[in-house]
Amino acid sequence: MTRFYAANQYRGLEEAVNAIAGDESDNEYDLIILPPEPDVLTDVEEGEDDLQTSELPRDIPGTIEVIRQRRHSSEMSEWEDSDDEPLSNKRMRPNQGDIIPPTWRKCSPSYSSSSQPTESNTRSSQKTQLIEHLKNLSPVEVFDKIFDTEIYDLILSNTLLYAGQNNRHGFMLDRDDLCRFLGILILSGYHRLPRERQYWSYDEDLGVPLVARSMSRNRFLDIKRNLHLVDNSLASTSNDKMFKIRPLVESLNQKIIKMEFFMKTYR
């Protein structure tokens, strides 16, 4: 049986790790990173854009919660628990012999001439239709089915709104530039470099010509600076820790649910 004790919160990861290292007991610990409260100030990017590092970060957004747990080798049986129970409570228990068993009777089945669609038949039909609709599409076309016009409009409208709220009225963004920006983010997920700016480097062993041809470095950083998914002025009215990305998450969840059969088939 695992029993959890009161959790301690720390402002930095190094502080939490040092606290655990100083404990000489055999207890096990769980580390939970708590995101910061939604606030306008959480938009500001701090620190370097290192993508790879071997050093332990000294600070994180939000706080770290350390939960100590202790494991017991044996559990108390229900017989041991009942030894401490007052006799008056035991007298109040209903007698097992007083329970009346249900009465079963035999009856003839009834049939209907019309067939009712079952849930399994409905799901099978949806799966067939979805696979038929998507089987001839390319990966980019399948991505467009999920990241559709609704999501692009969500990003564009809130990004331009945020730029205007910060007096960057000269900032403009259309769907083509947004697609290039997202493409660079996807590429950087599997083509890793130590620093973000090195994708535009002139060094042969660092620069990625595909990225440099699609968008300039300053344009990429300008879009990244203004990118938003919600009206930032409403941050102080919400306690939702996912406030900044909640509309995108909910929209993607609805679209991915529809792709469930397709993903299971081609996984």
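All of the numbers you see were taken from the coordinates with simple rules; none came from a lab. As the structure is a prediction and not an experimental result, all values here were calculated from the model. We place every Cβ from the backbone using ideal geometry, glycine too, and count neighbours over all the protein chains shown.
For segment 151-164, the criterion of being exposed (fewer than 11 other Cβ atoms within 10 Å of the Cβ) and out of contact with any Phe, Trp or Tyr (no Cβ under 9 Å at 6 or more places or on another chain) is satisfied by no residue at all. Cβ separations smaller than 6 Å between residues 6+ apart or across chains give the following pairs from segment 176-191 residues that are under 17 Å from P209 (Cβ atoms) to residues that are outside any helix (DSSP H, G or I): R180/M215.
Among helices (runs of 4 or more DSSP H) entirely within segment 174-267, having at least 1 residues that are of a type in the set (G, A, S) singles out 175-190, 209-214, 246-258.
Note on segment 198-220: residues that are surrounded by fewer than 14 Cβ atoms within 10 Å (Cβ to Cβ) and within 26 Å of Y162 (Cα to Cα) total 2.
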